[in-house]
Amino acid sequence: MTAQTVQQGDLVTVIGLEVHVQLETNTKIFCGCSTAPADGPNEHVCPVCLGLPGALPVLNEAAVEAAVKIGKAIDATIPEETRFHRKNYYYPDLPKNFQITQYDEPICQDGELEISLEGERHTIAIERAHLEEDPGSLQHVGGSIDTAEYTLVDYNRAGTPLMEIVTAPDFRSPKEVRAFLAELEEVLEYLAVFDASRDGSLRVDANLSIIDGERVSDDGSIELADLEAANRTEVKNISSHKGAEKALAYEETRQKNAVRRGREVEQETRHWDESRGITVSMRSKEAEKDYRYFAEADLPPLRVAHWKDEIAIPELPKARRERFASEYGLGEEAASKLTSTKQVADFYEDVASEFDPDLAATWVADELLGELNYRDMQITDIEGRLEEIATLVELVATDEITAKNAKEVVLRGMLDERDDPETIVDREGLGKTDDDAVQAAVLEAIEENPDAVADYEAGEGGAINFLVGQVMQKTGGSADPGDVNGLLRAELE
Amino acid sequence: MSDDVVTPEDVRHVAGLARVDLEDDEVERFTEQFADILAYFETLDAVPEVDSEAELTNVMRPDEVRASLETAEALQNAPDHEDDYFKGPNVS
């Protein structure tokens with residue numbers, strides 16, 4: 001919760017989220033159809049995910065394991081018994097006319113996730129997280145959703161396992177929402193149950209309302225009655241962190257303007273139109289009772305509370321950040337960059353175990369991630385070449401080449417031309433010039449620049465830099481500027 | 001349930017959820033039929049309660065891909081299809 005001082009007459013934003021994430025399994029949640037991307041529509045379908053009469057769902061064990069891992073990571077309770085329900089509604093993305101989901105006995109209850117925003121920590125309560133099946137995909141042909149001539153349906157996605165993660169209304173700004181989604185994705189990727197690069201793998205519905213600042217207590221908490229009294233809108237169709245921040249910032253402004261003008265905010269569902277950057281009112285859908293939830297008799301109950309002890313999860317980003325800070329003496333920013341994905345963190349630890357942890361941090365967090373980011377690449381794009389990057393760090397650590405050349409010539413060459421570091425060092429003649437050659441260049445520079453020498457002797461500090469530049473030029477940049485400075489001063493004494 | 005009287009409004013609401021258009025005379029007819037059908041459920045009161053099979057929990061399958069239907073097979077019973085998609089009227 002944000003413990004900021006609320007002024008009288010202030011309007012406070014309250015947001016809660018329902019986040020749908022696609023679980024990384026080989027098969028769908030209730031049948032053996034593949035979840036891999038298909039070449040064409042309706043290729044990964046069978047009687048179960050097409051809802052053909054008599055077909056029976058059988059639960060995918062990997063989806064339940066993923067749910068338990070998520071439960072562990074968010075410190076949730078896995079109840080002794082959990083079960084599935086049917087949520088009834090008529091829409092052609094669901095061929096059965098109901099979705100198999102969980103209702104009053106979800107697999108994860110009462111968890112939390114800590115986020116850090118602008119140096120402040122906030123704990124976001126997670127009320128529940130449950131398993132469900134994804135619907136199919138519709139295409140509205142010949143117009144928009146309202147004016148289309150007809151509809152085409154592809155059930156490849158129908159039955160893909162999803163986890164719906166429901167937070168408490170603990171967010172006070174769209175920025176906090178964005179930070180939460182980033183943290184959640186990081187955690188899920190560490191658990192290897194989620195792939196952010198998959199199309200449609202993250203979908204967010206957000207509830208937003210505006211509360212009078214006077215109703216907010218000093219610690220940032222708000223009475224349930226006040227929350228319930230405020231009209232809220234549900235914003236749908238959000239599919240990224242950035243989209244969430246933009247959609248909710250728009251909705252926040254829209255509602256605050258309404259309140260300031262003395263108008264009531266209508267309780268409704270709104271659709272985030274990404275291309276226009278606005279939310280638009282949607283025809284109101286069913287109320288909860290209209291879904292006529294009832295127990296799914298085709299799926300026996302689950303008793304998997306003990307799996308929490310049996311299934312191991314890796315060290316999570318927050319714990320790893322804290323360990324990196326204490327074990328390697330890294331600052332908050334470096335520790336955060338180096339734990340952004342499990343692959344980056346694992347690679348950093350490999351390099352740090354062999355060389356100086358500070359040097360390793362500079363090379364992985366700043367140079368490597370910086371150059372990758374500039375090329376719109378991820379560490380996973382060079383997974384097979386991490387050994388070569390380690391070799392490059394070794395060349396710097398053992399003073400074979402200068403840090404400047406290592407970054408500007410070797411690393412960039414490795415990423416752009418796919419050569420290995422030794423080849424580039426040889427080809428470009430980057431091996432550090434031996435001491436005799438540097439000494440010769442120092443003497444030459446002194447000889448050729450009597451004016452600069454006179455300036456130096458007259459006490460002009462800048463003159464030495466000019467001479468260092470001359471020596472660097474003569475050695476093709478392969479000398480160490482600090483060494484050159486020392487050698488020049490020694491000669492000129 | 002049997003104590004509740006089914007009203008024409010209930011019928012219209014349920015028809016709306018099912019995306020079915022009903023004429024006024026149909027609403028009247030369905031209101032009676034709904035009441036009759038719900039009355040049948042009272043018969044269930046006579047059925048003795050049985051516990052579900054306690055042993056039957058954690059029925060799961062391994063995460064192994066099994067063959068899907070051929071697309072043509074999947075589409076064969078559909079009233080209409082186009083370019084390997086199921087085809088239907090506009091819905092919003």
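The values are calculated or read from the model by the stated rules, or taken from the named source; none is laboratory data. Note that this is a predicted model, so its numbers are computed, not measured. Backbone-built Cβ (ideal geometry, glycine too); neighbour counts: all protein chains shown.
Take residue A:95 and tell me if it is facing chain B (nearest Cβ under 9 Å) and buried (at least 17 other Cβ atoms within 10 Å of the Cβ). Judged against the criteria, residue A:95 is a match. Entry remark, region A:403-451: residues being part of a loop (DSSP other than H, G, I, E, B) and either among the polar types (S, T, N, Q) or within 17 Å of residue A:390 (Cα to Cα) (or both) number 5 in total. Considering region A:110-141, and only residues there that are of a type in the set (S, T, N, Q) and within 25 Å of residue B:83 (Cβ to Cβ), the residue that is nearest to the other protein chains (Cβ to nearest Cβ) turns out to be A:139.
Count of region B:58-92 residues, restricted to those that are facing chain A (nearest Cβ under 7 Å), acidic (Asp, Glu), in a loop (DSSP other than H, G, I, E, B) and closer than 16 Å to residue A:155 by Cβ, is 1. Within region A:35-73, restricting attention to residues that are among the small types (Gly, Ala, Ser) and surrounded by fewer than 19 Cβ atoms within 10 Å (Cβ to Cβ), which residue is farthest from residue A:187 (Cα to Cα)? Per the criteria, the residue is A:54. Region A:23-137 holds strands (runs of 3 or more DSSP E) entirely within its bounds, and those carrying 1 or more residues that are assigned by TED's automatic domain parsing to the domain that holds residue A:301 and within 24 Å of residue A:311 (Cβ to Cβ) map to A:98-101, A:108-117, A:120-133. Flag not set for residue A:195, criterion: surrounded by fewer than 19 Cβ atoms within 10 Å (Cβ to Cβ) and over 22 Å from the mean Cα position of the chain (by Cα).
Being among the charged types (D, E, K, R) and within 14 Å of chain A (Cβ to nearest Cβ) holds for only one residue in B:36, B:45, B:51, B:25, and it is B:51. Answer yes or no: is there a residue in region A:446-453 that is surrounded by fewer than 19 Cβ atoms within 10 Å (Cβ to Cβ), at pLDDT below 85 and either of a type in the set (Ser, Thr, Tyr) or more than 29 Å from residue A:409 (Cα to Cα) (or both). Looking for residues that are surrounded by fewer than 19 Cβ atoms within 10 Å (Cβ to Cβ), at pLDDT below 85 and either of a type in the set (Ser, Thr, Tyr) or more than 29 Å from residue A:409 (Cα to Cα) (or both), one finds none in region A:446-453, hence no.
Let's see how each residue does on (1) within 14 Å of another protein chain (Cβ to nearest Cβ); (2) assigned to a strand (DSSP E or B); (3) more than 17 Å from residue A:125 (Cβ to Cβ):
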residue: A:143; (1), (2), (3): yes, no, yes
residue: A:148; (1), (2), (3): yes, no, yes
residue: A:165; (1), (2), (3): no, yes, no
residue: A:175; (1), (2), (3): no, no, yes
residue: A:187; (1), (2), (3): no, no, no
residue: A:194; (1), (2), (3): no, no, yes
residue: A:197; (1), (2), (3): no, no, yes
residue: A:200; (1), (2), (3): no, no, yes
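Determine whether residue A:244 is away from every other protein chain (no Cβ under 14 Å), touching a Leu at 6+ places or on another chain (Cβ under 7 Å) and part of a helix (DSSP H, G or I). When the stated conditions are applied, residue A:244 passes them.
Name the pairs: first residue in region A:145-160 and in the same structural domain as residue A:193 (by TED's automatic domain parsing), second residue aromatic (Phe, Trp, Tyr), Cβ to Cβ under 8 Å, at least 6 apart or on different chains? Going by the 8 Å Cβ cut-off, the qualifying pairs are A:152/B:85; A:152/B:86; A:153/B:85; A:153/B:86; A:154/B:85; A:154/B:86; A:155/B:86; A:159/A:30. Scanning region B:37-92 for residues that are at positive phi and surrounded by 13 or more Cβ atoms within 10 Å (Cβ to Cβ) yields B:58, B:84.
For region A:93-111, indicate whether the set of residues that are at positive phi and in contact with a Ser or Thr (Cβ under 6 Å, 6 or more places away or on another chain) is non-empty. Checked region A:93-111: at least one residue is at positive phi and in contact with a Ser or Thr (Cβ under 6 Å, 6 or more places away or on another chain).
What pairs come out if I take residues in region A:257-280 that are in contact (Cβ under 8 Å) with a residue 60 or more places away in the chain and pair them with residues that are of a type in the set (Val, Ile, Thr) and surrounded by 12 or more Cβ atoms within 10 Å (Cβ to Cβ) whose C-beta lies under 7 Å away, six or more apart or interchain? Correct list of pairs: A:259/A:210; A:259/A:265. The single condition among (1) away from chain B (no Cβ under 14 Å); (2) more than 25 Å from residue A:255 (Cβ to Cβ); (3) crowded, with 22+ Cβ neighbours inside 10 Å that residue A:235 does not meet is (2). Report yes if residue A:275 is assigned by TED's automatic domain parsing to the domain that holds residue A:378 and within 24 Å of the chain's Cα centre (by Cα), otherwise no. Against the criterion (assigned by TED's automatic domain parsing to the domain that holds residue A:378 and within 24 Å of the chain's Cα centre (by Cα)), residue A:275 does not qualify.
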